[in-house]
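Please treat every number below as a calculation from the coordinates, not as lab data. In this text, all values refer to a predicted model and were calculated from it rather than measured experimentally. When we count neighbours, we look across all protein chains shown, and the Cβ atoms used for this are built from the backbone with ideal geometry, even at glycine.
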Amino acid sequence: MIEGSCLCGAVRFSAAAISGIVECHCSMCRKATGGHAGFFFVAMRDEVTWQGADKLTRYESSPGLVRSFCARCGTAMTGANLKMPDETIILTANALEGEVPARVIAQEYCASKASWAEGHDGAPRTEGGWPGWESLRP
């Protein structure tokens, strides 16, 4: 079973199986997930169980497409699903917990990629928090 949750733990999902993960660089997905990209996967709607679904709030980000977020902490829990649902559901990989049997299989809307996310592979890496926060000044 694959599991995910929001930051505050009020909303949780479990999925029996998931697709590969798609990294989306469009501006809506970046804003919805609060990062350089949104990471999403597909599951079969009838194989997903929710705890705390009453804590989800919905937002129609495009005509006919709805995203869900935890109303308490704001964590994106679903991607842009059809307003009239089909048999699949798009969930956020950003909410996944633990090791999962999926990896990024594609990137989309690369022309919209945030310029500040380019070329950071050479940036210093730490196992914990970055110790340079206190020295940052504009």
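Between Ala17 and Ala123, what is 0.36 nm times their sequence separation minus the Cα-Cα distance? Round to one decimal in nm.
34.7 nm
Between Ala71 and Arg45, what's the calculated FRET efficiency when r is the beta-carbon distance and R0 is 22 Å? Round to 0.05. Write down the numbers at each step before the final one.
Working: r = 21 Å, r/R0 = 0.96.
Efficiency, from the Cβ-Cβ distance: 0.55.
Going by C-beta contacts inside 10 Å, put Leu136, Leu56 in order with the fewest on the left.
Listing Leu136, Leu56 from fewest to most nearby Cβ atoms yields Leu136, Leu56.
Quick check on the exposure proxy: order His25, His36 from fewest to most C-beta atoms within 10 angstrom.
His36, His25
Under a straight-distance cross-link criterion of Cα-Cα below 22 Å, which lysines are reachable from Lys113, leaving out those fewer than 8 residues away in the same chain?
Partners within reach: Lys31.
Would you kindly state how much longer the chain becomes between Trp133 and Trp116 on full extension, computed as 0.36 nm times their sequence separation minus their alpha carbon distance, in nm to one decimal? Kindly include the intermediate steps, with their values, before the conclusion.
On the way: separation 17, 0.36 × 17 = 6.12 nm, distance 1.80 nm.
That pair, Trp133 and Trp116, stretches by 4.3 nm at full extension.
Can you show me the helix-derived [θ] at 222 nm for the chain, built from DSSP H runs with n ≥ 4 at -39,500 (n - 2.57) apiece and divided by the number of residues, rounded to the nearest 500.
Result for the chain: -1500 deg cm²/dmol, rounded to the nearest 500.
Using DSSP to call loops (not H, G, I, E or B), can you name the GluC sites (Glu not before Pro) in the stretch 56-138 whose Cβ has at most 14 other Cβ atoms within 10 angstrom? Don't skip to the answer; put the middle values down first.
Working: sites: Glu60, Glu87, Glu97, Glu99, Glu108, Glu118, Glu127, Glu134; in loops: Glu87, Glu97, Glu99, Glu118, Glu127.
Passing sites in the stretch 56-138 are Glu87, Glu97, Glu99, Glu118, Glu127.
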